[in-house]
Structures are given as C-alpha cells and as structure tokens.
Amino acid sequence: MKILVTGGAGFIGSHVTDRYTAAGHQVVVVDNLTTGKMENLNPKARFYQSDIRDQGMEEIFAREQPEVVNHHAAQIDVRKSVQDPVFDASVNILGMLNLLEKAVRHGVSRFIFASSGGATYGDQPENAGPASEEIPLQPISPYGVAKATGELYLHYYKVGHGLDYVALRYGNVYGPRQDPFGEAGVVAIFTEKLIADGQPIINGDGLQTRDYVYAEDVAEANLLALHSKASGSFNIGTGVEKNVNELFWCLLQIMEKSAQEVHGPAKPGEQRRSVLDCTRAQTGLGWKAKVSFEEGLRRTVEYFKKNHRRVRRERCA
Ligand SMILES: NC(=O)c1ccc[n+]([C@@H]2O[C@H](COP(=O)([O-])OP(=O)(O)OC[C@H]3O[C@@H](n4cnc5c(N)ncnc54)[C@H](O)[C@@H]3O)[C@@H](O)[C@H]2O)c1
C-alpha cells in the first residue's frame, strides 16, 4: 500500500512511518521540519519538505497517488494555540482541509487522523471513570477545538465524498525521539533533565493526571487502522491514570537517582484530569496497549541515555 504520512519527521509520525515500512508498505513523508528532524526520517521513505497548507501539495498528490493519507503534521503546542489561535487554526484546520480536498480529488480511500483524547474531551470531572468516545467534546483550548473540528470535517468528507476515515484520539504519547526541550512532553523533559543531573520542576501540585501511552503502541494502532473495516473515532490510551508526581518518582527509581520534588507555579488553564476508555479500539481495531507505564519509561530512559550527547549538541547548535 502507498501511504502519505504528514509529520513523518516528527516524534509520533516517524514511529508510524517505521511501523508502516517494516510492514512492507511504501511511505511518502511530507513535513516542513518546523519541529520535525531529518534524523527521525526512515531512510526507506520518500521525503518532501513542504507545508501542508501549500498549494504545492497538489503536485505531490498528483505525482505520488497515495491510497491512504495518515495525517500527523500539526501545530502541537497547546499554550501557543491559546496565544495565537489564528495560526493554530491555519495549520490544524486549514492545513487539514487542504489535505482532505487533495485526498478526494486524487482518489485516496482512507484518511487516518492523529486526534487527541486529552484535548478534545476537556477536563474530566473528579471521580468520573475513563472517558469513552460517547462523552461530549468540550475542548478548553484552541488546539482542542481544532482537533474536534478536524473530526467533524472527516465526518463530512465521509458522508459527502465517501472518504473513509479513522480518527485516533491519543492520550499523552511518550517514548524515544520526543522533543525534551519543548513545552509539552513531560516524560522527555524530565528524563533529559535528570540525565543531565538537573532538577525537573513539577508544575503546580503535580496531581494533574494523564493517560500515558507508549509511541510503539500508538504506531501499532496506526497500522491496524490501515486495514480495519471500522470507521470513526477511537481512544488510544491505556485506561491508567498517572499524576506528574508519580511519573517523577518512577523515573527516579528507574534511573536509580535521588532528588526531591520541586514544585513551580501551576500553568494557568492546564487540564486537571485525562484518562481514556479504550474498549472501542479493542473491539473495532483489535488494538490494546501492550507496553506498561514502567516498561515504557524504562525504554525511554534507555533511549535518552544513549542519545544524550547528540540531543544536547542539537540543542546548542
Ligand atoms: N504527543 C502527544 O502526546 C499527542 C497527543 C495527541 C495528539 N497528538 C498529535 O499527534 C501528531 C504528532 O505529534 P508529535 O507529538 O509527534 O509532534 P511533532 O511536533 O514531533 O510532530 C509534528 C510534525 O509536523 C510537522 N509540521 C508542523 N507543521 C507543519 C506544516 N504546516 N506542514 C508540514 N509539516 C508540519 C513538524 O515539523 C513535525 O515533524 C500531531 O497531530 C499532534 O497533535 C500528539
């Protein structure tokens, strides 16, 4: 199968590209390298450095004729989306719309979209169980609004143009290649800090929870989404809720380090709770997370230890 992966030089998109090529698929990557990196790129993939908003996408679709589009390119910074919702929408809504138009014009049969379980549902009430796909979407950031809007467009393109789709609503994805110097990605940020003998700062009381899901498990969901007969939206998480303090102590234990919890001010507007019920992904896609929190953290720490010098060099370059 020929698949066009947008954002394939980024953290999750590169794992998806690796999984697709390992399964024998042909992958074409489109990425403008704003946060993506050439060294993430699978050498078997054909690469176009291009912005998903550009009209040049027309030529790429015409030349490559992909059967499936897997859309991971995005403006991923929630706080940036609050500061500049117009820019966020230009990439995350208009960019996606540009791809959907090209997909329909060039006979793409399936569109797989990296949506968000955390950002689209909004804050989950205290004591409520894991969020299922049935609960209303109540995003509390422009980023979340854009992801929810993307899913509405997918519905429209399915009923209006017959374009089949799967929207994967990720929990908090972590693992090798995540940017440890960004605003998001607490696992990568804390891991890199601890390797450099620094002190991670926990925002607020550290009791904010997330559903942490390992990147390889997420890549597997994208593989299953290629062939599945199911269409629609699916939560991709573990159903396990962990807070930031627990994450901090777990990393210390894995790295055999000692440190104290140091708390900084809470980030205004930060979501308090997020945990996903993934029953639908299991029945519809045959997917279930396999890597436990502890095992995923262990593998992530190993990766960052091995790549510490390179990651630092890039940071200073
Ligand atoms: N990381 C998570 O926990 C998480 C959770 C939910 C959803 N997602 C979604 O998964 C996708 C991948 O996220 P990630 O964490 O790998 O981030 P990332 O920043 O590593 O990947 C995004 C990629 O998109 C590229 N890109 C950005 N704007 C572009 C544009 N206009 N044109 C072309 N390429 C562009 C970047 O260069 C980068 O390679 C995003 O859609 C994100 O919203 C991520």
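The values are calculated or read from the model by the stated rules, or taken from the named source; none is laboratory data. Everything numeric here is computed off the predicted structure, so don't read it as measured data. Positions of Cβ are backbone-derived with ideal geometry, glycine not excepted, and every protein chain shown enters the neighbour counts.
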* To do: Those residues that are more than 29 Å from residue 138 (Cβ to Cβ) and either within 22 Å of the chain's Cα centre (by Cα) or of a type in the set (Ser, Thr, Tyr) (or both), I need them from the stretch 257-292; list them, please.
  => 258, 286, 290, 291, 292
* Within the stretch 208-256, how many residues are over 15 Å from the mean Cα position of the chain (by Cα) and among the β-branched types (Val, Ile, Thr)? -> 4
* Of the residues that make up the stretch 12-24, is at least one of a type in the set (A, V, I, L, M, F, W, C), touching a residue at least 24 places away in the same chain (Cβ under 8 Å) and within 21 Å of residue 310 (Cβ to Cβ)? -> yes
* Test: residue in the stretch 206-213 that is surrounded by fewer than 19 Cβ atoms within 10 Å (Cβ to Cβ), under 30 Å from residue 38 (Cα atoms) and touching a residue at least 40 places away in the same chain (Cβ under 8 Å) -> no
* Asked: So which residues in the stretch 255-272 are surrounded by 17 or more Cβ atoms within 10 Å (Cβ to Cβ) and modelled with pLDDT of 95 or more?
  -> 255
* **Filtered residues of the stretch 219-234 (kept if part of a loop (DSSP other than H, G, I, E, B) and among the charged types (D, E, K, R))** => 229
* Restrict the check to the stretch 34-43 and report whether at least one residue is under 19 Å from residue 310 (Cα atoms), hydrophobic (A, V, I, L, M, F, W, C) and within 12 Å of the ligand (Cβ to nearest atom). => yes
* Asked: For residues in the stretch 44-82 being more than 22 Å from residue 176 (Cβ to Cβ) and among the aromatic types (Phe, Trp, Tyr), which is nearest to the ligand (Cβ to nearest atom)?
  -> 48
